[in-house]
Structure formats: structure tokens, C-alpha cells
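First the structure, in the form of C-alpha cells, and then the observations on it.
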Amino acid sequence: MATKKLRARRLAQRLTAGAVAIAAVGALAACSGGTSSASSDGAPSGKLQILVSSADASDAAFRAIDAAFEKKYPKVDVVLSSVSNDNYPATKSSRLTAGNVDLFVVKSMWETPSYAKSSESDDVRLAKAGGLVDLSKQPFMKDYTPTVLAAQSIGGKQYAVPTGVSYSTGVYYNKDIFAKYGLSVPTTWDEFTKVIAELKSKGVTPFGIGGKDGWPAGLPMLGSVGSLYPSSSDKQALAKSLWTNEAKLTDKLPVKVLDETETVLANAQQGSAGAGYDSIPAGFAASDFAMTPDGTWNEPTIAAAVGSKFDIGYFPFPGSDHAKDNAYLNGKIELQLAVPTSSKNQTAAIAWLKFFSQADNYKDFLRKSGFSSAQPGISTSAFLKSIAQYTAKYQPAWDQIWVANNKAGQDAVYPFNYPALTPLGSSTPEQAAQAAQTAWAAAF
């Protein structure tokens, strides 16, 4: 026991300041085995505290699962806390430190390449420190697609349940507007820019962007990287070459990523920098703009806003001059749920995950969340079926491959410096790239 505590303490000393308390709590709980709550008949009982990062569709899906779970297990009181993405890391840290969360969303749950070990995510470090329950031998883990589990494996072990897969590099479009002006779905960058120009010539705003929340304005950047670096190996090679300083963010192709991102941002609705992400579905439904770059996770919300007003389409961001490079959507493993070893009710947490994983319950979650299935043989929605040609070959998005350097400045976090571009900032693509390169180089 003393040896295990010592190992965890030494590891915690190497973590970032925000993760020290988390790992310490997790490691100590791992030594004690944690606590749980169950009624005399073995059924789960007591309070089950769940913490997730917020999105309207997935929040509704979680609430539906919670209600069904409470109906089956009436002695359990499920308390769902949904926190904005910007505030989630701090909230997660404080809740874990206080030991008042039983099930929570982990981030960046994948093995970090050897060249970037110093930037391993806090959640991965937490798992390695003994702060997360090992779910590898739980029977319900066999319900999930092996390749998805392989992608999130840490040291050969499973510490999270993948709630689904989402695609982040697509563009929703109003089919009625496209038909009205004789526009076809663009498959190359040249075709895309011509669509943008034609829409503007007809007085139609091309894009809707929720720039106030920051990250939605980065979706065109992910799309551009997905096209200009179309395969997983292309993206991995780029990431490694940046970490080894064999490539620069001021090179031709990285600057083109920012050029294309700026093109989208410059052709968004007036006031896009101050528009909230949640306002975009209503604007799209009102035909205030013809297209919006967004993930498949938001389709239920967008579809509900549009109703029967017009048909919705979706295509991969066509950033390359070659159509074959734009043939597939890039995606990510969606919200991954883990049980901290500091949980006061591990029995209920494991029971919830088992319940969630059952086919009927999981299908209901997928229908409401808009996620694509992380389990084999699960039927999908009509929308997901309509984009099957773009998802036949899974390609991880750039944010699933890139590992930020904690020593680099804010300009190199992504590392493509899209927040500096007009109208979010005031820089040209070249200026934004130079600032990113300067921040990146300073970390070495």
C-alpha cells in the first residue's frame, strides 16, 4: 500500500498544477477501493452524481437515460450537472477534488505519442495514477466496437465508455436555397468558393457561425486540415514534424489552412464574432444564411429548428483542390464516461453504464443525441444514413491527433491560430501563422 501511494505521489508531482489534486484524490481512493451504495437486495441506491460537458442534444439524451434509469432503480436519485465546454475543466477539477462526482466526461482519452509525452492530458494521467476505475472486464464493454475501444485504450486498459462517434468537418446547407440558385454540392475548394460567390451575388449570406463561444469558429479549421491532410497518417506526420520542428506553422500548407478558415469567417453573418453557438440553428431555420459548419452531434437541434421549412443537406468541408481528398468526414469519439475511484457510489455508476449500454437504451440515446453509434449493428437515423458515403471510412479529426504543448503560448494551442483571424481577432492568415510559429518555437 505504501509503495502504491508513493508511486502516485511522485506521478502527481509531475502533473500540471490543475491536475495535482485530482490525481492525489484518485490515487488515494484507488488504495482504499472507493465506496459504493446498494440496497439490501443488491440493487443500486442513493445519490448518483453525473457531470457532463454541455450540448443541447446530448443533454436531452442524458436526461432521458437518467429518467429511465430512475424508473428501473427508484432508490437512485440521479443528479445531472451539465457545464459549458469553457468552464468544464475547472468544474471537473473541483468536483473530483471534492469527491462529489460519480460519473463524468473525460477528455483526450487516448495514448499520447512518445514525442509529446510531456503534454499528456490530465485525464490520461489521472487514469495512470489510479484515479479512474478500470472498466476493461465489465461485460458491457464487449458491446462496443473493438476499433473504437482500441482508439481510447490506455496502457491496454479501458477507463471509459464511448457514448458515440461524431463527425466535425461537415457543412449543413439549405437544399431549397441551393436549388433556387442552381447550386450543386461542392467537392473541391474551387467549387466551394464559387458557391460562396454566387450566394453573395444573390444577396444571400453564405455562412452562420457562433463565434462568441470560440470553438465553433474553429470547425472550418478542422475541416480544412481534414482536406489538406486527408489521411490519418498525413495528420500524424504533420503533428510529429511540428513537434520535432521539421515543419513550421508558416509553411505553405499550414498557412492555407488559415486562408481557408478566414474565407469562411469573412463570409459569415454580420456580428458572427458575438453570436452564440445556440443561436445558429434558429438563424439557419430562418434562412438568414445558406450554410453552417457544424458537427453531426447538433443535427437533432438543427432539424427541430428547421422542421418542415426546407430539406437539410450535409457535405464534407471541401478544402482540397482534389475531390478524393474531400470524400470523407473526419470524426471523433464522443463524450467518454468514466468512474473516478473517489466516487462515493460506484455501484450506481457501474449500474448506470450497464443500463446505458443495453441496445434499446443506447438506441434511444443515439436518436436524441445525434451521435453515430459506437456499437456495431445499431441502426442509425435517416440523417446519418444519408451521409453514409462520407462515413464509410473512419478518419479521426485533427483535434483527435494533435497534442498541444503546454509550454507553448495561446497562439499555438490548436496550433492553427484561427482565433487571431478577423472578425474574431484582427490578424491576416500570414500574421496569425507567424504569431503561432513564434509561440510554438518558444516552447523548445
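The values are calculated or read from the model by the stated rules, or taken from the named source; none is laboratory data. Keep in mind the model is a prediction, meaning the values are calculated, not measured. As a convention, Cβ positions derive from the backbone with ideal geometry for all residues, glycine included, and neighbour counts pool all protein chains shown.
Observations, loosely collected:
- Boolean, Val171 is surrounded by fewer than 19 Cβ atoms within 10 Å (Cβ to Cβ) and touching a Gly at 6+ places or on another chain (Cβ under 8 Å): no
- Some residue of the range 418-431 being touching a strand residue (DSSP E or B) at 6+ places or on another chain (Cβ under 9 Å) and not assigned by TED's automatic domain parsing to the domain that holds Asp259: no
- Unique residue being assigned to a helix (DSSP H, G or I) and in contact (Cβ under 8 Å) with a residue 12 or more places away in the chain when the list is Lys354, Lys344: Lys354
- Selection within the range 410-423: residues that are without any contact (Cβ under 8 Å) to a residue 40 or more places away in the chain and not in a loop (DSSP other than H, G, I, E, B). The member of this set that is farthest from Pro254 (Cα to Cα) is Gln410.
- Of the listed requirements (1) of a type in the set (S, T, N, Q); (2) surrounded by fewer than 16 Cβ atoms within 10 Å (Cβ to Cβ); (3) out of contact with any strand residue (DSSP E or B) (no Cβ under 7 Å at 6 or more places or on another chain); (4) part of a loop (DSSP other than H, G, I, E, B), Thr187 misses just one: (2).
- Beta carbons closer than 7 Å, at least 6 apart along the sequence or on distinct chains, pair a first residue in the range 203-225 that is in contact (Cβ under 8 Å) with a residue 12 or more places away in the chain with a second that is surrounded by fewer than 23 Cβ atoms within 10 Å (Cβ to Cβ) and β-branched (Val, Ile, Thr) for Val204/Ile177; Pro206/Ile196.
- Residue among Phe104, Phe140 that alone is in contact with a strand residue (DSSP E or B) (Cβ under 6 Å, 6 or more places away or on another chain), modelled with pLDDT of 95 or more and of a type in the set (Phe, Trp, Tyr): Phe104
- In the set Pro146, Pro206, only one residue is of a type outside the set (A, V, I, L, M, F, W, C) and closer than 30 Å to Lys354 by Cα; that residue is Pro146.
- When every residue of the range 386-409 is checked against the conditions, at least one turns out to be within 19 Å of Val255 (Cα to Cα), small (Gly, Ala, Ser), at pLDDT 85 or above and under 20 Å from the mean Cα position of the chain (by Cα).
- Any hit, the range 380-394, residues being over 29 Å from Thr301 (Cα atoms), assigned to a helix (DSSP H, G or I) and assigned by TED's automatic domain parsing to the domain that holds Ser53: no
- In the range 291-333, residue nearest to the chain's Cα centre (by Cα) [restricted to those that are of a type in the set (Asp, Glu) and crowded, with 24+ Cβ neighbours inside 10 Å]: Asp294
- Scanning the range 155-168 for residues that are more than 18 Å from the chain's Cα centre (by Cα) and either crowded, with 18+ Cβ neighbours inside 10 Å or not in a loop (DSSP other than H, G, I, E, B) (or both) yields Lys157, Gln158.
- Residues that are touching a strand residue (DSSP E or B) at 6+ places or on another chain (Cβ under 7 Å) and assigned to a loop (DSSP other than H, G, I, E, B) were ranked within the range 302-326; the one that is farthest from Ser82 (Cα to Cα) is Phe310.
- Subset tally (residues that are outside any helix (DSSP H, G or I) and touching a strand residue (DSSP E or B) at 6+ places or on another chain (Cβ under 8 Å)) for the range 49-93: 18
- Residue in the range 306-316 that is touching an Asp or Glu at 6+ places or on another chain (Cβ under 9 Å) and either at pLDDT below 95 or within 29 Å of Gln434 (Cα to Cα) (or both) present: no
- The range 114-149, residues that are touching a residue at least 40 places away in the same chain (Cβ under 8 Å), under 15 Å from Asn406 (Cα atoms) and surrounded by fewer than 18 Cβ atoms within 10 Å (Cβ to Cβ): Tyr115, Ala116, Ser118
- Test: Pro230 is assigned by TED's automatic domain parsing to the domain that holds Pro415, crowded, with 17+ Cβ neighbours inside 10 Å and part of a loop (DSSP other than H, G, I, E, B): yes
- So Gly283, is it of a type in the set (Gly, Ala, Ser) and part of a helix (DSSP H, G or I): yes
- A residue that is among the small types (Gly, Ala, Ser) and on the phi > 0 side of the Ramachandran plot occurs somewhere in the range 207-220.
- Residues in the range 319-341 that are hydroxyl-bearing (Ser, Thr, Tyr) and more than 22 Å from Pro162 (Cβ to Cβ): 1 in all.
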